[in-house]
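Shown next, in structure tokens, is the structure this report addresses.
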Amino acid sequence: MARLSLVPQKREFFVLYSRAAQNTVAIARDLLKLLDEFPGNEGLRRDIKELEHEGDRLTRELVDLLNRTFVTPFDRDDMFQLASALDDICDHIDEAAGNIAGYGVTEIRPSAKQQAEVIVRATEKLTEAVEQIDGFKDADRQLNELRDLEDEGDRLNREAVSQLFKTETDAISIIRWKDIHERLEEAIDACQSAADVLEAILVKNR
């Protein structure tokens, strides 16, 4: 039986959140590299899958620690939501990479690379913001920049899909790329969802 801790293990929680956030940056960077080097580096797909598994492992560690800790550094439900939100980012990136690898595309559309660049920037800003929960410091700058990145991501997705229908004549290619663009947009949205959870935590604990 797991031993229940009555003492808040604050440092361990914050270390795990930091690792989970940094993992989103790593997987986002590998996604961008996959698009930049497509179809050259087959090992990147495996690297992305491994980072997605690492996200799952970190989430399990956080949940296990929550279950073993009687007094947590902040609201238990919020802690679980933040862990899940960070993991969701990895899941969406992995799904986008899987679609790119599995749909039989022969070249990468420039708009997809632009979306991937936004994902990298969003994960980097999110990681900066996650670091602020240790001490519940102000993260307004990072959170505002994340909102701007979500707006940029929405714009890029609309433009990419519009351009797709204007320039592509093959119906299968349209279906494939529309789905890929939407998966990339979901990864950006997942960053904003995690930021929303984080903002609520910081507001509650100021």
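The values are calculated or read from the model by the stated rules, or taken from the named source; none is laboratory data. Bear in mind that the values here come from a model prediction, so they are computed numbers and not experimental data. Ideal geometry is used to build each Cβ from the backbone, glycine not excepted, and the neighbour counts take in all protein chains shown. In case anyone asks, the SASA skips ligands and DNA or RNA and just uses the protein heavy atoms, side chains included. Shrake-Rupley method; radii C 1.70, N 1.55, O 1.52, S 1.80 Å.
With respect to the numbered conditions (1) open to solvent by 40 Å² or more (accessible area, probe 1.4 Å); (2) touching a residue at least 12 places away in the same chain (Cβ under 8 Å), which one is the sole condition not fulfilled by LEU35?
(1)
Counting only residues that are open to solvent by less than 60 Å² (accessible area, probe 1.4 Å) and of a type in the set (Asp, Glu), which one in region 48-73 is nearest to LEU34 (Cα to Cα)?
In this case the residue turns out to be GLU52.
From ILE172, ILE180, ILE201, grab the single residue that is β-branched (Val, Ile, Thr) and modelled with pLDDT under 90. Steps first, answer last, please.
Working: ILE180 fails: modelled with pLDDT under 90; ILE201 fails: modelled with pLDDT under 90.
Answer to the check: ILE172.
Say we look at region 149-171 and pick out the residues that are farther than 30 Å from GLU124 by Cβ and not basic (Lys, Arg); which of these is surrounded by the fewest Cβ atoms within 10 Å (Cβ to Cβ)?
The selected residue is THR169.
Out of curiosity, is LEU184 among the aliphatic types (A, V, I, L, M), free of Cβ contacts under 8 Å to residues at least 60 places away in the same chain, touching a helix residue (DSSP H, G or I) at 6+ places or on another chain (Cβ under 7 Å) and in a helix (DSSP H, G or I)?
Answer is no for this residue.
Are any of the residues in region 180-198 on the phi > 0 side of the Ramachandran plot and open to solvent by 10 Å² or more (accessible area, probe 1.4 Å)?
No, the conditions are met nowhere in region 180-198.
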